[in-house]
């Protein structure tokens, strides 16, 4: 079993990966953490020193390394499905779940930790809603290619387990 959790930043991908790993006795990884370990830099540093294009190439490389993993839940970065046909690749190599979440919930969650998120770090709090709405609109076509969709604030571990077992 290999599960890829996709969705906007702040949608709860890492949270749910941890919860599901505990419930299913699988391991879980946060793709952004693996990228940082591989690069020896934070995501913000990669963006600042090498740019988004270089980051996206590294992200794809690290994603494709998960092909050999077994019994793993992968919390992807929010942009992963949107580049290099990554969503199609994930659909072939595992089960994909789009964790959809209301923009208001994302804004609330991201206000605190946005300094660590390069795509919103320079966005004023009063512009965060508009920025995330625009970002979601551009990404939705990729997110909707996921095999399953859940509402992050309404889903349970049991709901995820039912999806995995189908």
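The values are calculated or read from the model by the stated rules, or taken from the named source; none is laboratory data. These numbers come from a predicted model, not from an experiment. Neighbour counts are summed over all protein chains in view; Cβ atoms, including those assigned to glycine, are modelled from backbone coordinates with ideal geometry.
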Taking residue 20 as meeting all but one of (1) in contact with a strand residue (DSSP E or B) (Cβ under 7 Å, 6 or more places away or on another chain); (2) farther than 17 Å from residue 81 by Cα; (3) not in a helix (DSSP H, G or I), write down the number of the exception. (3)
Of all residues in segment 46-64 being touching a helix residue (DSSP H, G or I) at 6+ places or on another chain (Cβ under 8 Å) and more than 16 Å from residue 84 (Cα to Cα), the one that is surrounded by the most Cβ atoms within 10 Å (Cβ to Cβ): 46
Does residue 32 satisfy the condition of being touching a residue at least 24 places away in the same chain (Cβ under 8 Å), in a helix (DSSP H, G or I) and surrounded by fewer than 19 Cβ atoms within 10 Å (Cβ to Cβ)? no
Pairs, please: C-beta under 7 Å, at least 6 apart or cross-chain, first residue on the phi > 0 side of the Ramachandran plot and touching a residue at least 12 places away in the same chain (Cβ under 8 Å) and in segment 138-155, second surrounded by 18 or more Cβ atoms within 10 Å (Cβ to Cβ) and part of a loop (DSSP other than H, G, I, E, B)? none
When segment 125-137 is checked residue by residue, the ones that are over 10 Å from residue 104 (Cα atoms) and in contact (Cβ under 8 Å) with a residue 24 or more places away in the chain are 135, 136
In segment 104-114, how many are touching a helix residue (DSSP H, G or I) at 6+ places or on another chain (Cβ under 8 Å) and free of Cβ contacts under 8 Å to residues at least 24 places away in the same chain? 2
Tally the residues that are in contact (Cβ under 8 Å) with a residue 12 or more places away in the chain and either under 11 Å from residue 3 (Cα atoms) or surrounded by fewer than 17 Cβ atoms within 10 Å (Cβ to Cβ) (or both), restricting the search to segment 66-97. 19
State whether one or more residues within segment 47-68 are over 16 Å from the mean Cα position of the chain (by Cα), modelled with pLDDT under 95 and not in a helix (DSSP H, G or I). no
Verdict on residue 102 being under 25 Å from residue 132 (Cβ atoms) and touching a strand residue (DSSP E or B) at 6+ places or on another chain (Cβ under 9 Å): yes
